[in-house]
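Only the coordinates and a few stated rules stand behind these numbers; no lab work does. Not measured: the values here are computed from a predicted model. Every residue, glycine among them, receives a Cβ derived from its backbone with ideal geometry; neighbour counts consider all protein chains shown.
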Amino acid sequence: MLKFFYQANQLGFVDPDSATQDWNSIVSKMQDKRVYLYWYSWQYGFWNSPARGEEGTNYVEIPVADTNLYQASDTYYGDGRVLCVGSQVSDENFDRLMEFLDWYASPEGVQIQHAGTEGLTYTIEDGKYTLTEDGLNRFSAEVLVPEEMGGGNWNDGNNQINQWIVASCDVNPETGEPYASDMWSTTIEMNQTKTTKEWSEKFGAADDVEYLKNNGMMTVVPSINIALAIDSTDISLIRKQCGDVIKDSSWRMVFAKDDADFDAQWDEMVNQLQGLGFDDLVAFDTEKYQPMLDARKAAQ
């Protein structure tokens, strides 16, 4: 993977700010369409819209022939994420926290997390949820909140926890549709644009998921949530030291001046890792994750 990024940089495709820019910087670039490639589907929200789809300027999935995506299935209970309450929390605050988490996992709380505010980002008519213009553009443009709703910029007031108990793909019992606004029937219909129609005609599928499944390019494994062994003090130290070396070396290797420089840095990194006990870490993690593999095999 480092060789891939190094070669991409040699071709001028890697942002020279990559190693130092923060979240706000990259979001600004995505909103200005200054990004060639999106790695994740959630990034589309910073640019794609029905209007841009009609213009033919949307980002779209381009299948690569030897793709084989590894995809965990939907979880059976909740989202598989963890929210923790500190052991020193007072009884009074503990009760308040549990009351909040109970609401956070309710249909009302989940819908707010994954779609925003009724009347601002979406409307409800005949039981159907439909994104407003502001809802469609909430990640790609500045959306001003009416004073009666508190005022300010929508992104400033949006859920900053970025963690949830119930997945966005789960079905809201009050609507019969997923909580995620991009999975609502009204949104799917709105997104049937010039771009998506051209894509479907070219690749012979309704969307990228159907294409990947039809062509055997996606491996789905059971979603298993089990407790794994925790690091010993020694392993924890090795993991930290190796992680620091890998992160530091990786950035320098991506921006290596030539093949000889890249190879020399690779050899140096490998020597450092072996000296720090990387082989012991690999052995520990191989044993640590075996119960996960066994549980997935048993669930198939």
Inset, instruction - May I have the extent of the alpha carbons of the stretch 19-86 along their three principal axes, as whole Å values ordered from largest to smallest? - result: 46, 34, 28
Inset, instruction - Could you pull out every residue, at least 5 positions away or on a different chain, whose amide H is within less than 5 Å of the one on residue 72? Hs are placed 1.01 Å off N in the peptide plane, and Pro or chain starts have none. - result: 221
Inset, instruction - Using only Cα atoms, figure out Rg for the stretch 233-299 and give it as a multiple of 2.2 N^0.38 Å. - result: 1.43
Legend entry - Amide H contacts of residue 122 (H built 1.01 Å from N, under 5 Å, at least 5 apart or other chain): 117, 132
Legend entry - Helix 233-254 vs. the chain, principal-axis angle (Cα, 0 to 90°, nearest 10): 80 degrees
Legend entry - Of 151, 104, 220, farthest towards positive along the dipole that unit charges on Lys, Arg, Asp, Glu beta carbons give the chain: 220
Inset, instruction - Compute log10 of I(q)/I(0) for the stretch 167-261 with the Debye formula, placing one identical point scatterer on every Cα and leaving out solvent, at q = 0.22 Å⁻¹, to two decimals. - result: -1.12
Inset, instruction - Rounded to whole Hz and in sequence order, give me ³J(HN,Hα) for the stretch 101-118 from the Karplus expression 6.51 cos²θ - 1.76 cosθ + 1.60, θ = phi - 60°, writing x for Gly and Pro. - result: 5, 4, 5, 4, 9, 7, x, 5, x, 5, 5, 5, 4, 9, 9, x, 10, 4
Inset, instruction - Could you list the chymotrypsin sites (Phe, Trp or Tyr not before Pro) in the stretch 65-108 that lie in coil according to DSSP, counting only those with at most 15 other Cβ atoms within 10 Å of their Cβ? - result: 76, 77
Inset, instruction - Please identify, among 213, 29, 202, the residue showing maximal mean-square fluctuation in a Gaussian network model of the chain using a 10 angstrom Cα cutoff. - result: 202
Legend entry - Using alpha-carbon coordinates, inclination of helix 259-276 to the longest axis of the chain, degrees: 80 degrees
Inset, instruction - When you have a sec, figure out the Kirkwood radius of the chain from all distinct Cα pair distances and drop it here in Å to one decimal? - result: 23.3 Å
Inset, instruction - Mind counting lysine pairs for me in the stretch 233-299? Cα separation below 27 Å, and the two need to be 8 or more apart along the chain or on different chains. - result: 4
Legend entry - Value at 222 nm in deg cm²/dmol, rounded to 500, when DSSP H runs of n ≥ 4 in the chain each add -39,500 (n - 2.57): -14000 deg cm²/dmol
Legend entry - Residue-wise HN-Hα coupling along the stretch 200-215, computed from phi with Karplus coefficients 6.51, -1.76, 1.60 (Hz; x: Gly, Pro): 4, 5, 6, 9, x, 8, 5, 7, 5, 5, 4, 4, 4, 5, 4, 9
Legend entry - Residues in the stretch 220-259 reached by a label modelled at residue 18 [backbone nitrogen below 20 Å; 7 Å Cα→Cβ]: 243-259
Inset, instruction - Figure the gain on full extension for residue 29 and residue 190 (residue separation times 0.36 nm, minus the Cα-Cα span) and round it to one decimal in nm. - result: 55.4 nm
Inset, instruction - Calculate the dipole size of the chain relative to its Cα centre from +1 charges on Lys and Arg beta carbons and -1 charges on Asp and Glu beta carbons; express the result in debye to the nearest 20. - result: 740 debye
Legend entry - Residues of the stretch 200-234 with amide N under 18 Å of the 7 Å Cα→Cβ point at residue 292: 219-232
